[in-house]
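Take a look at the structure below.
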Amino acid sequence: MAAINHPLGGARRGLPIPSPFGGINWWIVGAIIIVAVSAMLPVLQNSTATSEGFNAQRSRADEAQLQGQVSVLEADVAQLTSLSRIERRAQEIGLHPTSNPIYVHVDVAGPEPAKIPSSYLPPVVAKPLPPAPWWRSIVDWLP
Amino acid sequence: MPHERGHGTRRVWVPAAFFGAFALIILGRLVQLQVVEHPKYAKAAENELVGSNTVYAPRGSILDRNGDVLALSVNTWDVYVNTNVWKDPAKAAAGASAIGKALGLDPAKLEKSVTDAAAGGTVDYLVQRDVDYDLGNQLVSSGVPGIITQQDSQRVHPDGDVGSSILGITGTDNTGLAGIEDSYNEILQGKAGKTIYERDATDQPIPYGEYNAVDPVAGEDVELTIDRYIQKMAEDTLTKAVAQHQAKGGDIIVMDPQTGEILADATMPGLEYSTLDLNDPASLALLRNRSVTDLYEPGSVMKIVTASGAINNGVVTPDTTYVDTGEVTVAGITLKNWDDSVYGTQTMTGVLQNSINTGAVFMEQRLGTAAFQHYLDAFGFGQLTGIGLNGEAPGIFRRPTDPGFSPVDVATQAFGQSISVTPVQMITAVAAAINGGKLMKPHLVKATISADGVVHPVQPQVIRQAVTPQTSATMRMMLNAVVEQDPPNESLRNPTNYTAGGKSGTANIPIYGTYNDTQIASFIGFAPLNNPQILILIKLDDNLDLMTGTMAGGPIFSKMADDILAYMGVPPDKGPNKP
């Protein structure tokens, strides 16, 4: 009688309650999810790459724009330092061309030139040591 | 129960054969397209898919010796209109109104021009070149219907016409056409780059599509030996002198005689950006720099070379005497002094002081034809100086081996007739006579500067030792004696604040193998005496007031020498301002 009512040999089993996800093969679901994610990855990659590509193009366009503005500014600076503008400005502030400059001899040494901060100086290149004479290696062996 | 094997009926194999044949045709066509004609279609696809752009390099600037900008390029826009878009009247009206307002053009005229261009088959109609960069940006972003803009660049000159005859011009493709812009075009232009990319339907690069770029190499800046202040001074002085003496034109050249650097080179008539009209053939004649292209007979200034050669060879000294009778006969031809005067017993220094033609012939005859013409060669006459401007003339003088040669040719060459030179040749020769005897190569370029800031200087070049340093020192003293003739307190040709030396020349202009009354008046001088820092040549062409080189050119030299040396910070070595 045990064999009829307990085909699994007496193992306890709960009452068979119907599952809300009854009949779903989770392996298939998992596989579908993996396939979907795998499919989305290249889409996301391409989308990011395309966006960055457009950003790169925009940066290049901005750079070209800035180069153009730099050239205009350089021309403006050159115009501001032109001879005619300097002459006009000098006259505006009351300067006149000199006709008889006075030269004065000063027998005193001039001031020391201002020191440039070391960070602006070119790096000091260590002078290479002269090669050791051929007999040095022999002498070094002596006590 | 065994099944009987079915036999194919016509209803089976006929359609099968038909479809099989059809499949074979398709297959054959595929083989033809994808195998046989593969290269052709691959090329067509590549042409369709791949775009390329030339990226022009920014043109280098031209600077003066102090780094001030004389010429530079600024970005501009060329504005076009697509005539197909403007076939729509509403778009044409809107576009013409917007562009006309921005560029100051009449919208109605613009619209008509575009319509006429469309009727002629033009698709892209050029509205205006070199539109201001910021203005062009506004047009680009304004969404004007049918507008097409293309980046370009334009050469600007902050100092206006100063140095224009040296700088030259560029064309619409930003290639040099004259002057330094032309002769140094390869250095200034740099190297264009190229981009090759996969493009979409709007001709835009596909992001992360294949993109190969060759970066453009920016043009190098060219630093001239010219000082813009001295250049402006020379140009203003020349303009006044030409007007005052009613001359057809002239030259003023300022050189550092020790190095051959040209500090200023003013020529008239010459190129002026403010009045240049390339459609006028007369303007094209102004594109050349006359100080290197045009020949003239220098007159008595050549006596410096004659005396240098005679002293260098030891056939005369400054105190050697001869008797001037006012004329000398050579090969049956009588040659007279320029003023028909008779000077009697004169030293060689006196020959220069009084500019005696017979004295020059005396020195030439003492030298001999071969030796004299050797010195003409040694001082660079009849050869290109290599100054670095295109169109330079070598000059000419007749030699014994030339047909029609006569001893009169050499005799007149001694006082600067029968020999044609350029102003640059003349000043270069005199520089050699007073700088220790070295014939220096005249040059206009001091250095080139690459885009990364590396400076490549141009070193002064000694062509040859024309005369000894002792001869050169002697010539300086003799030429000093010329200017010291000025009465005290009168700066005819003697600067007020600096010791100097110089020589005038007044030469008739040859016309069809003879001479008429037209003349070229010139003066060449240097200062200070013992260590010349500047050498100035003043030349006036066909001055109708017929003033001599001394009267017309001397005062210009004395004033310019005082002004230029003061500007250069050279302390006076004589006069009331001597420290």
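Read-outs: derived from the displayed coordinates by stated rules, not from any lab. Please read these numbers as outputs of a predicted model, since none were measured by experiment. A quick note on method: Cβ atoms are made from the backbone with ideal geometry, for glycine too, and the neighbour counts reach across all protein chains shown.
Just a few scattered comments:
- With a 10 Å cut-off around each Cβ of A:69-77, the average count of Cβ atoms from other chains is 5.
- Charge dipole of chain B (Cα centre as origin; +1 on each Lys and Arg Cβ, -1 on each Asp and Glu Cβ, all else neutral): 1300 debye, rounded to the nearest 20.
- For segment B:56-219, the gyration tensor built on C-alpha atoms gives an oblate shape. Its axis ratio a/c (a ≥ b ≥ c) is at least 1.5, and a/b is not larger than b/c.
- Nearest-20 debye value, segment B:56-219 charge dipole, Cβ charges on Lys, Arg, Asp, Glu: 340 debye
- Sorting the segments A:32-42, B:544-554 by their residues' average number of neighbouring beta-carbon atoms within 10 angstrom, most packed first, yields B:544-554, A:32-42.
- Residues within the reach of a label modelled at B:Ile509 (point 7 angstrom out along Cα to beta-carbon, backbone nitrogen below 12 Å), restricted to segment B:290-305, are B:295-297.
- Sorted peptide list for B:249-256, B:441-448, B:270-277, criterion being average Cβ within 10 angstrom, highest first: B:249-256, B:441-448, B:270-277
- In summary, the aspartates and glutamates within cross-link reach of B:Lys574, defined as a Cα separation below 19 angstrom excluding same-chain residues under 8 places away, comprise B:Glu484, B:Asp486, B:Glu490, B:Asp562, B:Asp563.
- Of the beta bridges in the protein assembly as shown, as assigned by DSSP with both residues counted there, near 95 percent are antiparallel.
- Given charges at beta-carbon only (K, R positive; D, E negative), |dipole| of the protein assembly as shown in Debye: 2760 debye
- When each of the peptides B:81-89, A:66-74, B:398-406 is scored by the mean number of other C-beta atoms lying within 10 Å of its residues, the order from highest to lowest reads B:81-89, A:66-74, B:398-406.
- The Cβ shell under 14 Å around B:Asp486 holds other residues with a net charge of +1, Lys and Arg each +1, Asp and Glu each -1.
- Filter on B:Lys240/B:Lys539; B:Lys303/B:Lys336; B:Lys240/B:Lys441; B:Lys232/B:Lys559; B:Lys87/B:Lys112 - keep pairs with C-alpha separation over 21 Å: B:Lys240/B:Lys441
- In terms of its alpha-carbon gyration tensor, chain B comes out prolate; a/c meets the 1.5 threshold, and the first ratio a/b outweighs b/c.
- Across the options B:Asn357, B:Met551, B:Leu167, the greatest Cα extent toward the positive end of the charge dipole of the protein assembly as shown (unit charges at beta carbon of Lys, Arg, Asp, Glu) belongs to B:Leu167.
- In this simple spin-label model, placing a label point 7 Å from the Cα along the Cα-to-Cβ direction at both B:Ile196 and B:Asp277 gives a separation of 4.8 nm.
- Cα gyration tensor shape for segment B:402-508, rounded if a/c is under 1.5, else prolate or oblate: oblate
- Shielding by partners, peptide B:153-159 (average Cβ within 10 angstrom, other chains): 5
- Look at the stretch B:116-128: the mean tally of other chain Cβ atoms within 10 Å of its residues' Cβ atoms is 0.
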